[in-house]
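Working notes, beginning with the structure itself.
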Amino acid sequence: VEVTSYAAVDLGASSGRVMVGRVGPGRLELTEAHRFRNRPVRTPDGLRWDVLALYAGVLDGLRAAGPVASVGVDSWAVDHGLLDADGALLGNPVHYRDARTEGVPEKVWATLPAGELYAATGLQYAPFNTLYQLVAARGTAQFAAARRLLLIPDLLTYWLTGEQGTELTNASTTQLIDPRTRGWSRRVADRLGIDLGLFAPLRRPGDPAGLLRPEVLEETGLAGPVPVTAVGSHDTASAVAAVPAPDERFAYICTGTWSLAGLELTAPVLSEESRAANFTNELGLDGTVRYLRNIMGLWLLQECVRDWGDPELGGLLTEAARVPGLRSVVDAGDAAFLAPGRMPERIAEACRASGQPVPDSPAEVTRCILDSLALAHRRAVADAQRLAGHPVDVVHVVGGGTRNALLCQLTADACGLPVVAGPTEAAALGNVLVQARAHGLVGDLAGMRRLVARTQSLTRYEPTGDTARWRAAEARLADR
Ligand code: ADP
Ligand code: LRH
């Protein structure tokens, strides 16, 4: 049987990886060619991505991957590099957790009220949306010199191929796309004085994105020509494409640095109620909408673990499982947890301020975080169903959090629904499958999902206990 290899470059906020997917009739195997840390750097100018280290990791990964039929790149959303008139990168891309957007949304809403902005773009309010970042950059020397903006996966694709484009699923996180037309919102751009000419032309998942440059072939030892294929370049779009759901009655939670919890829909939900609940309408594959809420996710734990001097995660989770559940919970959707630093103290402060027992040991803090995430998952899954009028029977959990059995079980318990956990590397699988599809190897989205369900290892968690405990915890948070 013929099997074709594809390289998926998947850059998460905590690590980057180059994965090789082997695809054939009824076959889908994923192996890791190379994984590297993604470590942001604080300079006097603020918090930056070390994009050159990431690009070096990509080249190392492509070398380790060996011969492939195509390459696809996805990464976290909203962030970007600015290029000058010669196509050279102007500075290191700013990290979405940088403080430069503080106070900027309020300024934008004075020109274009938040309600109108939501009705036009369907995007959640998050201070880091590209739109707010652009307004924050206005007036800087760097922005004055900028002639082109490339989102992170598009920037790496440009370095690999020399060709510029703006992939649609990730473009939808800029807050400059209309989710109904799936094109630029000229009205929003005009009202806010943003020049859409900064963006390269839109491309869609499956579109060709050039060939690896001769210098890249030389550095990676690959024999050309090697095409690069546009994929769902927003990591969450790729991850949702690989959710192994048999029909449309499912919710998903992409768990990694973030938890992205919601539904796949065929049309956006732009109601005022949806805006108040801070749901976002990001674009997915094949005309789908990713209707979801951003939850702080395992970032809360990553930051605590960093603060505690990097203890081993397995031991910490075993201890956390023995701590009595739901003693204290924090609002895991609260943007107060966005910035790095002092996380155990910030969590303790939030518990104290809401009159709950203050978790003390690392195991107690970890339990508080996992209970709080499960509770936020419950709220997002319930709110999304209600706001979209789209009921579900199952919650699919994908991403790094699938390796956290306690989190998966708590999520099942909190939602009162079965959780199907896996695949762990969903974004890379979605990336591979879109490439394979562009080359005629797999069918539509449903066919891609069937292939994932048949070939990847999945774990089912049945809900246990009474959801009344979770309802009570929810009420406790709401009364704060
Ligand atoms: P991102 O793509 O945002 O960088 P990942 O999907 O790679 O994130 O998920 C990273 C998270 O997965 C880690 O922060 C950690 O909480 C969790 N994780 C990774 N490995 C394990 C493990 N062996 N056991 C439990 N949790 C794990
Ligand atoms: C997850 C993610 C998420 C965005 C955030 C900035 O990696 O792409 O979907 O909201 O990063």
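For residues that are part of a loop (DSSP other than H, G, I, E, B) and without any contact (Cβ under 8 Å) to a residue 40 or more places away in the chain, scanning just region 31-40, find the one that is farthest from Asn431 (Cα to Cα).
Arg39
Say whether the condition of being aromatic (Phe, Trp, Tyr) and free of Cβ contacts under 8 Å to residues at least 60 places away in the same chain is met by at least one residue in region 103-124.
yes
Examine region 219-227 for a residue that is more than 22 Å from Gly206 (Cα to Cα), touching a residue at least 12 places away in the same chain (Cβ under 8 Å), part of a helix (DSSP H, G or I) and not small (Gly, Ala, Ser), and state whether such a residue exists.
yes
Out of all the residues in region 254-267, which are more than 16 Å from ligand 1 (Cβ to nearest atom) and surrounded by fewer than 24 Cβ atoms within 10 Å (Cβ to Cβ)?
Scanning region 254-267 gives Glu264, Leu265, Thr266, Ala267.
Going through region 1-41 one residue at a time, which ones are farther than 30 Å from Gln302 by Cα, of a type in the set (Val, Ile, Thr) and either surrounded by fewer than 16 Cβ atoms within 10 Å (Cβ to Cβ) or within 15 Å of ligand 2 (Cβ to nearest atom) (or both)?
Of everything in region 1-41, those that are farther than 30 Å from Gln302 by Cα, of a type in the set (Val, Ile, Thr) and either surrounded by fewer than 16 Cβ atoms within 10 Å (Cβ to Cβ) or within 15 Å of ligand 2 (Cβ to nearest atom) (or both) turn out to be Val1, Val3.
Could you tell me which of the residues Leu59, Leu47, Leu28 is over 30 Å from Pro127 (Cα atoms) and outside any helix (DSSP H, G or I)?
Criteria check complete, one pass: Leu28.
Collect the residues in region 56-92 that are buried (at least 21 other Cβ atoms within 10 Å of the Cβ) and in contact with an Asp or Glu (Cβ under 7 Å, 6 or more places away or on another chain), keeping them in residue-number order.
Asp74, Ser75, Trp76
Looking at Gly72, Gly87, Gly81, which is the one that is assigned to a loop (DSSP other than H, G, I, E, B) and either within 16 Å of ligand 2 (Cβ to nearest atom) or at pLDDT 95 or above (or both)?
Within the list Gly72, Gly87, Gly81, the selection yields Gly87.
Given the conditions (1) within 16 Å of ligand 2 (Cβ to nearest atom); (2) part of a helix (DSSP H, G or I); (3) hydroxyl-bearing (Ser, Thr, Tyr), report the number of the one that Ser274 does not fulfil.
All conditions are met except number (1).
With respect to the numbered conditions (1) in contact with a Leu (Cβ under 6 Å, 6 or more places away or on another chain); (2) away from ligand 2 (no atom under 16 Å from the Cβ), which one is the sole condition not fulfilled by Gly232?
Here Gly232 clears every test but (2).
Determine which single condition Gly46 fails, assuming it passes every other condition in (1) at negative phi; (2) free of Cβ contacts under 8 Å to residues at least 60 places away in the same chain; (3) in contact with a strand residue (DSSP E or B) (Cβ under 9 Å, 6 or more places away or on another chain).
The failed condition is (1).
Val231 is checked against (1) within 28 Å of Arg293 (Cβ to Cβ); (2) of a type in the set (A, V, I, L, M, F, W, C); (3) out of contact with any Pro (no Cβ under 7 Å at 6 or more places or on another chain) and fails just one. What number does that condition carry?
Val231 satisfies every listed condition except (3).
Collect the residues in region 348-367 that are of a type in the set (A, V, I, L, M, F, W, C) and either farther than 26 Å from Gly315 by Cβ or under 23 Å from the mean Cα position of the chain (by Cα) (or both), keeping them in residue-number order.
Ala353
Here are the criteria: (1) touching a helix residue (DSSP H, G or I) at 6+ places or on another chain (Cβ under 9 Å); (2) modelled with pLDDT under 95. Tell me which single one Tyr6 does not satisfy.
Only one criterion is unmet by Tyr6, namely (2).
Being closer than 17 Å to Asp383 by Cα, at pLDDT 95 or above, more than 15 Å from the chain's Cα centre (by Cα) and surrounded by fewer than 24 Cβ atoms within 10 Å (Cβ to Cβ) narrows it down to one residue among Ala251, Ala276; which is it?
Answer to the selection: Ala276.
Confirm whether Ala241 is hydrophobic (A, V, I, L, M, F, W, C), within 16 Å of ligand 1 (Cβ to nearest atom) and out of contact with any strand residue (DSSP E or B) (no Cβ under 9 Å at 6 or more places or on another chain).
yes
This table checks each residue for (1) within 22 Å of the chain's Cα centre (by Cα); (2) in a loop (DSSP other than H, G, I, E, B); (3) modelled with pLDDT of 95 or more; (4) surrounded by fewer than 21 Cβ atoms within 10 Å (Cβ to Cβ).
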| residue | (1), (2), (3), (4) |
| --- | --- |
| Phe128 | yes, yes, yes, no |
| Leu131 | yes, no, yes, no |
| Leu155 | yes, no, yes, no |
| Glu163 | no, yes, yes, yes |
| Arg180 | yes, yes, yes, yes |
| Asp190 | no, no, yes, yes |
| Gly197 | no, no, yes, yes |
| Glu215 | no, no, yes, yes |
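The values are calculated or read from the model by the stated rules, or taken from the named source; none is laboratory data. Treat the numbers as computed from the prediction; the structure is a model and nothing was measured. Note that we place each Cβ from the backbone using ideal geometry, even for glycine, and neighbour counts take in every protein chain shown.
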